[in-house]
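After the structure tokens below, expect a handful of questions from me.
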Amino acid sequence: MPVAFACALTSFAQDPPPAGQKPEREPTTTLFFARTGESTGESLLGPYTAAIHYLEFLQIRNRWILPDIGYINFGHGNYHEYYVGGGRSLIENRYTSFDQELLYLGTAGSAAGGAKYLQPWSMLRVRFTPKFTNETVYFLYLPVNHSARFHQVLERAKFEYALQRHWKIGAGYAGVKLPGAFLINKPLLTTTISTKAGAFEFWLQKVPGGAEVQLRYALVYTSR
């Protein structure tokens, strides 16, 4: 999933195309993400229980991220989240990118209480070298109605190293702070394999009471 937009970006108008020639269209990048995960005990030998199901679709045009649509549950039929929103890539250069979005998030299910939120969502990516990178995603749950409760999520702060062109390994940290509760720490290890059919990322994450294994899939398509 992916703050109101904190700053405006200054740009120069492009020269008009020659007479009779249509201007070239900006490319559109379409992204699809899917995740599934199961939790288990310390031994990783089971029993396994569903931990997460996640789907997201978004498009990027000329650094604008719109629309961004997603759904998530946490392995239980009594709580679901769905969201829609958009944003912009505020920084994009050789070494750093920074994306900001603002999402509207609703909930459904008997344990949800009809809670509704605004969700500022941000992602920072840093390229230290061509093979060594960092990606950090952080977002808030800002209550819109009385049944909602403020909380914050560091979804990932992940460092990765490319062993080969299509294979990366990584390690990092995630954390969740719920109201009236201690910070939940979730360190993680990852490996990612990129193919023509998309990128497949495998997570092993420490969670309270055991561990969680996730498969994360990403497909990116660019067209004009």
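The values are calculated or read from the model by the stated rules, or taken from the named source; none is laboratory data. Given the structure is predicted, the values throughout are model-derived calculations rather than measurements. So basically every Cβ, Gly included, is an ideal-geometry build from the backbone, and we count neighbours across all protein chains shown.
Identify, from the list 174, 181, the residue that is in a loop (DSSP other than H, G, I, E, B), within 21 Å of residue 140 (Cβ to Cβ) and among the small types (Gly, Ala, Ser).
So the residue among 174, 181 that is in a loop (DSSP other than H, G, I, E, B), within 21 Å of residue 140 (Cβ to Cβ) and among the small types (Gly, Ala, Ser) is 181.
On to the next question. Looking only at segment 15-36, how many residues end up being assigned to a loop (DSSP other than H, G, I, E, B), surrounded by 10 or more Cβ atoms within 10 Å (Cβ to Cβ) and either at pLDDT 50 or above or under 36 Å from the mean Cα position of the chain (by Cα) (or both)?
Within segment 15-36, residues that are assigned to a loop (DSSP other than H, G, I, E, B), surrounded by 10 or more Cβ atoms within 10 Å (Cβ to Cβ) and either at pLDDT 50 or above or under 36 Å from the mean Cα position of the chain (by Cα) (or both) number 3.
So which of 44, 55, 9 ends up being within 14 Å of the chain's Cα centre (by Cα) and either modelled with pLDDT under 95 or surrounded by 12 or more Cβ atoms within 10 Å (Cβ to Cβ) (or both)?
Criteria check complete, one pass: 55.
Among the residues of segment 40-52, is there at least one that is assigned to a strand (DSSP E or B) and within 26 Å of residue 120 (Cβ to Cβ)?
yes
For the subset of segment 205-224 comprising residues that are within 22 Å of residue 55 (Cβ to Cβ) and more than 16 Å from the chain's Cα centre (by Cα), which member is surrounded by the fewest Cβ atoms within 10 Å (Cβ to Cβ)?
The extreme case among them is 223.
OK, next. Please work out which one of (1) within 22 Å of residue 126 (Cα to Cα); (2) within 15 Å of the chain's Cα centre (by Cα) is the condition residue 95 fails and give its number.
Answer for residue 95: the failing condition is (2).
Starting from segment 71-95, keep only residues that are exposed (fewer than 13 other Cβ atoms within 10 Å of the Cβ), then list their pairs with residues that are of a type in the set (Lys, Arg) and outside any loop (DSSP other than H, G, I, E, B) whose Cβ atoms are within a distance under 6 Å, requiring at least 6 positions of separation or different chains.
Pairs that qualify, where the first residue is exposed (fewer than 13 other Cβ atoms within 10 Å of the Cβ) and the partner is of a type in the set (Lys, Arg) and outside any loop (DSSP other than H, G, I, E, B), are 95/127.
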